[in-house]
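First the structure, in the form of structure tokens, and then the observations on it.
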Amino acid sequence: MLDMCISYLESKGLHVRGIFRVPTSLTVIKALKQKYDIGEDVNLAEIENPHVVAGLLMYILRQMDEPLVPFKLYDKLVALSASTAGDLEDEKERERDIESEGDDDSSAVLNRTANFGRDDIPIQSLRAFVASIPFENRFQLSRLVAFLDNVVSEGDANEATVGSVVHIFTPLLCRPAGCSWMSPTHIKSLQATKRVIRVILSKGAEIFTKSVMAPPSPTKEESDPQAARKEEDMEVVSEVTDAAVEQQAQNAGSNVDMEAHLFRNLCVVDVLVEDLVASAIFNKDSG
């Protein structure tokens, strides 16, 4: 459904003033999401208000059990930010300027926030980080980043800036495990994560390269399921054969023991017979 929202907004939302900043009915948004979740057909093309679909996109990201940047990578994301306390204070001040001057000419705001935060995080480090995100999440993130880049590019019409997009979407893309959205724990490291997300959004084309976006190599089962099944069958046959050989060895050992036991018994019988015969001859001679 995320891709459906992006496709709709690429067609009908890029030039809409205040996109992602104009509130809309949460009841309508929840109804659309619930309808989709139970398998009913949802035709976004029938929605006339792009702000509804923009709100739906943000709601989908917010309601994910795990954000596009997985919990296990959150600390790594924070560590990527090498901002000093001074850098973070500068970014906070810029955000306050954006919020207080929201009614100013959009191009002027864009000029003031074009360098929102510092962007000296090495591209290679960012590529390695993005490549460590599971492929499905990585694909969705790349789709979203490319779309948001288009949103900012149309800032003269929709009044979106790098700073405003980062401010809105960073909390939706990542949060620590075990905490709710915008909880104190989430907010605590938000400035650091904003800085990283800002660079990812600004330099998406350099980060989401072909090698970074390469899908994982298929397993043997995926690439050749018939050969994998044959190998499994051979393993089963080998196990059965080994068990049979072991059983035969045990049986052979049992047979050897039995033969030895019978041989000993026969020897005893022979001795007894010899003794009886000798005794009978002795008694006959004595008589």
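Descriptive notes on the structure:
- Of all the numbered requirements in (1) crowded, with 22+ Cβ neighbours inside 10 Å; (2) under 19 Å from Leu80 (Cα atoms), Thr161 misses one, and that requirement is (2).
- Residues in segment 47-71 that are free of Cβ contacts under 8 Å to residues at least 40 places away in the same chain, part of a loop (DSSP other than H, G, I, E, B) and either within 29 Å of the chain's Cα centre (by Cα) or under 30 Å from Arg127 (Cα atoms) (or both): Met64, Asp65, Glu66.
- Any chance Gly163 is at pLDDT below 95 and under 19 Å from Ala205 (Cα atoms): yes
- Output for segment 9-34, where each listed residue is in a helix (DSSP H, G or I) and either closer than 17 Å to Ala157 by Cβ or among the polar types (S, T, N, Q) (or both): Leu9, Glu10, Ser11, Lys12, Thr27, Gln34
- Applying the set (1) closer than 22 Å to Leu14 by Cα; (2) loosely packed, with under 15 Cβ neighbours inside 10 Å; (3) charged (D, E, K, R); (4) at pLDDT 90 or above to Lys72 leaves exactly one unmet item: (1).
- Among residues of segment 14-35, those that are touching a His at 6+ places or on another chain (Cβ under 8 Å), surrounded by 15 or more Cβ atoms within 10 Å (Cβ to Cβ) and under 11 Å from Gly55 (Cβ atoms), counted: 2
- Exactly one residue out of Leu14, Leu44, Leu77 is touching a residue at least 40 places away in the same chain (Cβ under 8 Å), more than 24 Å from Gly163 (Cβ to Cβ) and in contact with a Ser or Thr (Cβ under 9 Å, 6 or more places away or on another chain): that is Leu44.
- Checked against the criterion of being modelled with pLDDT under 95 and over 27 Å from the mean Cα position of the chain (by Cα), segment 1-11 has at least one qualifying residue.
- Complete set of residues in segment 18-44 that are more than 23 Å from Leu141 (Cα to Cα) and among the small types (Gly, Ala, Ser): Ser25, Ala31, Gly39
For every residue, the table says whether it meets (1) more than 16 Å from the chain's Cα centre (by Cα); (2) assigned to a helix (DSSP H, G or I); (3) not hydroxyl-bearing (Ser, Thr, Tyr).
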{"site": "Ile133", "(1), (2), (3)": "no, no, yes"}
{"site": "Phe139", "(1), (2), (3)": "no, yes, yes"}
{"site": "Val152", "(1), (2), (3)": "yes, yes, yes"}
{"site": "Val165", "(1), (2), (3)": "yes, yes, yes"}
{"site": "Ala177", "(1), (2), (3)": "no, no, yes"}
{"site": "His186", "(1), (2), (3)": "yes, yes, yes"}
{"site": "Glu206", "(1), (2), (3)": "yes, yes, yes"}
{"site": "Met213", "(1), (2), (3)": "no, no, yes"}
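The values are calculated or read from the model by the stated rules, or taken from the named source; none is laboratory data. All values reported here derive from a predicted model rather than from experimental measurement. Cβ: placed from backbone, ideal geometry, glycine included. Neighbour counts: every protein chain shown.
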